[in-house]
1. What lysines does Lys198 reach when the alpha-carbon gap must be under 28 Å and sequence neighbours fewer than 8 apart in one chain are set aside?
2. How large is ³J(HN,Hα), in whole Hz, for each residue of the range 202-211 in order, when computed from phi with the Karplus curve 6.51 cos²θ - 1.76 cosθ + 1.60 and θ = phi - 60°, using x for Gly and Pro?
3. Using only alpha carbon pairs under 8 Å that are at least six residues apart, calculate the relative contact order of the chain and give it in whole percent.
4. Using DSSP, restrict attention to beta bridges with both residues in the chain and report what percent are antiparallel, rounded to the nearest 5.
5. Simple spin-label model, 7 Å along Cα-to-Cβ: Lys198 to Arg215 in nm?
6. Rounded, prolate or oblate, given the Cα gyration tensor of the range 54-150, with a/c below 1.5 counting as rounded?
7. Taking a virtual spin label 7 Å from the Cα of Arg206 along the C-beta vector, which residues in the range 163-194 bring their backbone nitrogen under 11 Å of it?
8. Highest mean first, how do 105-112, 169-176 rank when packing is the count of other Cβ atoms within 10 Å averaged over residues?
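Each value in this text was obtained by applying a stated rule to the coordinates, not by laboratory testing. Since this is a predicted model, take the numbers as computed values, not measurements. No Cβ is skipped: glycine too gets one built from the backbone with ideal geometry, and neighbour counts run over all protein chains shown.
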Amino acid sequence: MTYTGDVTPGGPPAIRELDRLTITKVSVGPMDNNAYLLRCRTTGVQVLVDAANEAPRLLDLIGDAGLATVVTTHQHMDHWLALEEVVAKTGARPLAHAEDAPGLPITVEPVADGDRIPVGDCTLEVIHLRGHTPGSIALLYQDRVGTSHLFTGDSLFPGGVGNTKQDPQRFGQLIDDVEQRLFDRLPDNTWFYPGHGKDSTLGRERPALPRWRARGW
């Protein structure tokens with residue numbers, strides 16, 4: 001089945017098989033959060049991006065293969081409601097950016113811009129995107145066949161950047177970071193996976209950047 005990234009709360013996961021990495025996307029309620037289970041196809045090592053909610057469902061998805069790491073993209077509660085239980089049941093290493101770590105329910109290991117997170121033989125690069133929260137991050141996986149894959153949390157969605165609560169300073173920081181650290185660096189075929197809703201590509205969204213900046217949100 002062709003991967004579309006379309007998932008609904010309580011519905012089946014969407015699974016994407018890359019050359020070395022399997023991406024499983026699932027939506028959990030009640031706020032239709034996306035959680036992403038990444039599995040190295042060579043070693044079987046698994047990493048979860050955002051233990052958002054519905055811990056039993058996430059644990060069932062993880063299965064007997066175990067979980068090496070949980071990465072939390074930012075400190076907002078709807079992205080970590082299952083974190084404590086998932087970590088307690090799996091022994092996974094919890095990671096988040098240092099600036100958002102104090103807002104999480106458990107102690108986590110801090111990460112910073114440019115850090116590398118292993119997923120077996122694969123690697124995620126941490127990209128700090130300031131504005132939605134002080135410590136929001138995206139995670140970049142660069143597939144060896146040339147396509148980049150980006151997990152953006154609530155910093156980038158189809159149609160715009162994340163909520164900055166009409167704060168001009170926060171919006172300016174976020175749109176600058178998204179433009180400079182993502183769009184200026186990565187090619188149009190980069191596929192991105194947000195914290196809620198549908199996926200998109202940087203090429204699909206790139207023409208709208210001036211309009212996003214002009215409208216201020």
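1. The qualifying lysines are Lys25, Lys165.
2. These are the phi-based 3J(HN,Hα) values: 5, x, 5, 8, 3, x, 8, 3, x, 5 Hz.
3. For the chain, the relative contact order is 15 percent.
4. 70
5. Going by the 7 Å Cα→Cβ label model, 1.5 nm.
6. Cα axes put the range 54-150 in the oblate bin.
7. What the label zone holds, given the 11 Å backbone N cut-off, is 183-190.
8. 169-176, 105-112
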